[in-house]
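Everything below concerns the one structure shown next.
The values are calculated or read from the model by the stated rules, or taken from the named source; none is laboratory data. Since the model is a prediction, treat every value here as computed from it, not as a measurement. Every residue, glycine among them, receives a Cβ derived from its backbone with ideal geometry; neighbour counts consider all protein chains shown.
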Amino acid sequence: MKRYPGGSIRSPEWLAIRKAILDRAGNRCEGTPNRPECRAVNGEAHPETGSKVVLTIAHMDQDETHNDPANLRALCQRCHNAWDRPHRAINASITRHRKQGQNDLFATGGAA
């Protein structure tokens with residue numbers, strides 16, 4: 001399954017989507033529902049951390065195949081990391097369980 005249009009974050013298709021989202025955002029962080037006030041400017045010092053802002057494009061529903069502009073936001077590193085944190089924690093937990101050889105008691109699709 002291709003995660004990004006064109007199969008890569010460097011494809012012309014994804015770069016066009018990225019540019020459209022950054023243009024819509026005015027090259028500023030669009031914030032998240034938890035931090036709607038963030039408007040950090042791409043390439044400048046973050047007003048809270050002082051680190052250089054690098055805007056990335058976030059999939060708000062965490063589905064990297066859902067590339068509708070309504071699902072995408074330009075986010076600074078701080079907002080993007082905070083938004084993705086719960087999703088990453090779940091994925092890390094699943095990975096730990098798999099590495100330990102633990103299976104889900106209620107897993108479907110296989111014979112018991």
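Results for (1) in contact with a Cys (Cβ under 6 Å, 6 or more places away or on another chain); (2) at pLDDT 95 or above, shown as yes or no for each residue.
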| site | (1), (2) |
| --- | --- |
| LEU22 | no, yes |
| ALA45 | no, yes |
| VAL53 | yes, yes |
| ASP61 | no, no |
| LYS99 | no, no |
| GLN102 | no, no |
| GLY109 | no, no |
Could you check, for the range 24-43, whether at least one of its residues is surrounded by fewer than 17 Cβ atoms within 10 Å (Cβ to Cβ), farther than 18 Å from ASP84 by Cα, hydrophobic (A, V, I, L, M, F, W, C) and in contact with a helix residue (DSSP H, G or I) (Cβ under 9 Å, 6 or more places away or on another chain)?
no
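Looking only at the range 68-84, which residues are in a helix (DSSP H, G or I) and within 11 Å of the chain's Cα centre (by Cα)?
Here is the first cut: in the range 68-84, the residues in a helix (DSSP H, G or I) are 69-71, 77-84.
The answer is ASN71, GLN77, CYS79, HIS80, ASN81, ALA82, TRP83, ASP84.
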Taking the range 48-61 and keeping only residues that are more than 13 Å from GLN77 (Cβ to Cβ) and assigned to a loop (DSSP other than H, G, I, E, B), one is left with MET60, ASP61
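Here is a check on your reading of the model: is THR95 at pLDDT 70 or above, among the hydroxyl-bearing types (Ser, Thr, Tyr) and either surrounded by 10 or more Cβ atoms within 10 Å (Cβ to Cβ) or in a helix (DSSP H, G or I) (or both)?
Criteria not met by THR95.
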